[in-house]
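Novice: Handing you a structure now.
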Amino acid sequence: QVKLVESGGGLVQPGGSLRLSCAASGIILEVYAMGWYRQAPGKPREFVASIAGGGRTNYAESVKGRFAISRDNAKNTLYLQMNSLKPEDTAVYFCNLSPPRLDFWGQGTQVTVSS
């Protein structure tokens, strides 16, 4: 059974940084393209970033230059380094395959950017 558990969210001031983690079990992350997604209140879930099996990355325009996706194959963990955070980055952040699988969604981790 595949389980993806996100962590690392919290409350941060505008301009601050956070690093999110996605610990995986039941799946070997390095074999798959993986992604980060987010959902703000009242809005649909949206793509944030992805990393292919070979390491190629892709970002939403809204986070390009501020966020960095990476993967530690030894720890079977996916990361999202978020810098220069803005209030509009406030959302619940999820990891999943890229493209996502419906049955792989976890609980997500809340990120709140506010002064």
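Novice: With all protein chains present, how much of the accessible area of the chain (probe radius 1.4 Å) comes from carbon and sulfur, to the nearest whole percent?
Specialist: Carbon-and-sulfur percentage of accessible area, whole number: 49.
Novice: Give the value in nm², to one decimal: projected area of the alpha carbon convex hull of the chain, averaged over all directions.
Specialist: 6.6
Novice: So with the 1.4 Å probe, I'd like the accessible area per residue for the chain, rounded to whole Å².
Specialist: Heavy-atom accessible area per residue stands at 53 Å².
Novice: Taking Cα centroids, how far is the range 10-34 from the range 36-115 in Å?
Specialist: 7
Novice: Continuing with this model, one more query. Alpha carbons only, please: Rg and Dmax for the range 11-77, in angstrom.
Specialist: 13.1, 37
The values are calculated or read from the model by the stated rules, or taken from the named source; none is laboratory data. Keep in mind it's a predicted model, so treat the numbers as computed, not measured. The accessibility values were calculated without ligands, DNA or RNA, using every heavy atom of the protein model including side chains. Shrake-Rupley method; radii C 1.70, N 1.55, O 1.52, S 1.80 Å.
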